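Every number here is computed from the coordinates shown, using simple stated rules; none is lab data. Because the structure is a prediction, the values reported are computed rather than measured. In this analysis, Cβ positions are derived from the backbone assuming ideal geometry, glycine residues included, and neighbour counts consider all displayed protein chains.
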Amino acid sequence: MSDVASAAAPSPALLKVLDGTVDLHCHSGPSPFPRRIDHVDASYEGARIGMRAILCKSHHHSTVMDLLAMKKSLADAPTPMYGGVALNTEVGGVNPSAVALAISMGGRAVWGPTVSAAQHVAAHTHDDGFPTQGGDLHEKIESVLGPDGDITAETDTVTRLVAEADIMLTGGHLDGDSLRAFFANAHANGVKRLLLHHPDFIVDTPEATIEEALGYGAFVEHELAMYHPDVSAPRWPITRLVDWIEKIGPERTVIDSDLGQQGNPLPVDAYLLIIQQLLDHGVSEKAVRQMISRNTAYLLGLEETP
C-alpha cells in the first residue's frame, strides 16, 4: 500500500518531529471522488509516523457515519479516526439537522460549504486542479447568507450548535464576504475552534478577511498537497509556504495533508517529504510541531489550548 519502501528512509530526527502529528484534512474513502485509501487504511498509514489522530473529510456526506460503520475494522487500528460533516447540497446545505446529528454521533468538525459554495463553483470556470467526479449529484449553490445579505437563521443555529459542542468550524470554500459574516456570527455565538482553509487556493481570501478571521481566533490552513511535486496542481515551491508561515506565524498556522485521492501521494509520504523541506529551509522543529501537532490537536478538541 505504501510507496515509502522505494524512498530513502526518514531520519530519526524527522520522525521525532512528526511524532504526534494530527492531520485535519485527510480525504480517505468512501467518496464519489476516487480515493486511494479508506479510513481504515489511513489509520494504519498514520502509524508509520506516530500520528496522534486523523480527521477524515468528505465533501458529500458525514464521515462520522463512515467511522461508526467501520467500527469493528477500526477497533484495533493504531491511529484514532474522527469525522464531521460538510454543509453541501448532499446533506441539505446549511442544515442544522445534519449538524445536530453529526454532533450527537461524535462528530468533531463542521465544514462550511465547499463544493457547493459559489466561490468554488466559479473557480471551476478554469482549471483549478480540483478533482471532479463522474455523475451528476444535482448540487446547487449553498450559502450562509440570505437574499438580504445577512446571516440566515439556519446558519445562526449551526454556529450555536458548534459552539455548544465546542468542536471545530471551518469556512469551507466561501468567498471573502460570506466568510467574514460566517466567522463573525460564529465568534459572537461562542465558537472557539475556527479554521480558514487554503487562502490562496480556490477561496482566494482577501488579506483584510484573513486579518479579521485572525482577530476572531481563527487558524489559517495550508496543505502539503499544494507543495508536492507528484500532485498535478498547483505544485507551488516550498518557499511560498515558508513565506506564509512567516506572514501569519506558526502560532496561528495549520499544516495538514489534503491527500488520500487516487493518483496522489499518500498523506504520510507527503509529511515525510514536505516537512523535511520546511526544516531544510530554516523552519524550526518547534514551529513545525506547533503547526502539525499542537494547533491541530487544539482544533480537533484533543487539547484545551494550542
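With unit charges on the beta carbon (Lys/Arg positive, Asp/Glu negative), name the residue among Ile37, Ser257, Leu302 whose Cα is farthest towards the positive pole of the charge dipole of the chain.
Comparing the listed Cα positions along the dipole, Leu302 ranks first.
Starting from the Cα of Glu139, step 7 Å along the direction of its Cβ; do the same at Asp19; then give the gap between the two resulting points in nm.
Distance between the two pseudo-spin positions: 4.0 nm.
Of the candidates Met51, Met105, Met81, which one comes out as most mobile in a Gaussian network treatment of the chain with C-alpha springs shorter than 10 Å?
Most flexible of the set in this elastic network: Met105.
Give the lysines whose C-alpha is closer than 30 Å to that of Lys192, dropping any in the same chain fewer than 8 places away, or say none.
The reachable lysines, counting only those whose Cα sits under 30 Å from Lys192, are Lys16, Lys57, Lys71, Lys140, Lys247, Lys286.
What distance in nm separates the two pseudo spin-label positions at Ser232 and Ser104, each 7 Å out from Cα along the beta-carbon direction?
The modelled label-to-label distance comes out at 4.1 nm.
Under 11 Å from the Cβ of Thr79, count the other residues' Cβ atoms, weight Lys and Arg +1, Asp and Glu -1, and hand me the total.
That works out to -1.
For the chain, modelled as a GNM with alpha-carbon contacts under 10 angstrom, which of Lys247, Lys140, Lys57 fluctuates the most?
The residue with the greatest mean-square fluctuation here is Lys247.
Net charge around Arg108, counting only other residues with Cβ within less than 12 Å of its Cβ (Lys, Arg = +1; Asp, Glu = -1)?
Here the charged neighbours net out to +1.
So how far apart, in nm, are the two label points at Ala122 and Asp243 if each is 7 Å from Cα heading toward Cβ?
Inter-label distance under the simple model: 2.3 nm.
Which Cα, out of Gly112, Ile49, Val242, lies furthest along the positive dipole direction of the chain (beta carbon charges, K/R +1, D/E -1)?
Ranked along the dipole, the leading option is Ile49.
For the stretch 200-208, just list the computed ³J(HN,Hα) in residue order, Karplus coefficients 6.51, -1.76 and 1.60, θ = phi - 60°, integers in Hz, with x standing in for Gly and Pro.
Each residue of the stretch 200-208 in turn: 10, 10, 6, 6, 6, 5, x, 4, 5 Hz.
Between Rg and the Kirkwood Rh of the stretch 196-270, both from Cα atoms, what is the Rg to Rh ratio?
0.98
Consider all pairwise Cα distances in the stretch 142-235 and report the whole-number % of them above 22 Å.
30
Order 32-40, 259-267 from most to least packed using the mean count of other Cβ atoms within 10 Å.
Packing order, densest peptide first, comes out as 259-267, 32-40.
Grab the other residues whose beta carbon is less than 15 angstrom from that of Met65, score K and R as +1, D and E as -1, and report the net.
+1
With +1 on each Lys and Arg Cβ and -1 on each Asp and Glu Cβ, how big is the dipole of the chain about its Cα centre, in debye rounded to the nearest 20?
In total the dipole reaches around 840 debye.
For the chain, modelled as a Gaussian network with Cα springs under 10 Å, which listed residue fluctuates most, Ile141, Ile292, Ile255?
Ile141
Take the alpha carbon gyration tensor of the stretch 237-306, find the square roots of its eigenvalues, order them as a ≥ b ≥ c, and report rounded if a/c is under 1.5; if not, report prolate when a/b exceeds b/c, else oblate.
oblate
Measuring from the lowest to the highest alpha carbon on each principal axis, how far does the chain reach, largest first, in angstroms?
The principal-axis extents, from largest down, are 56, 43, 41 Å.
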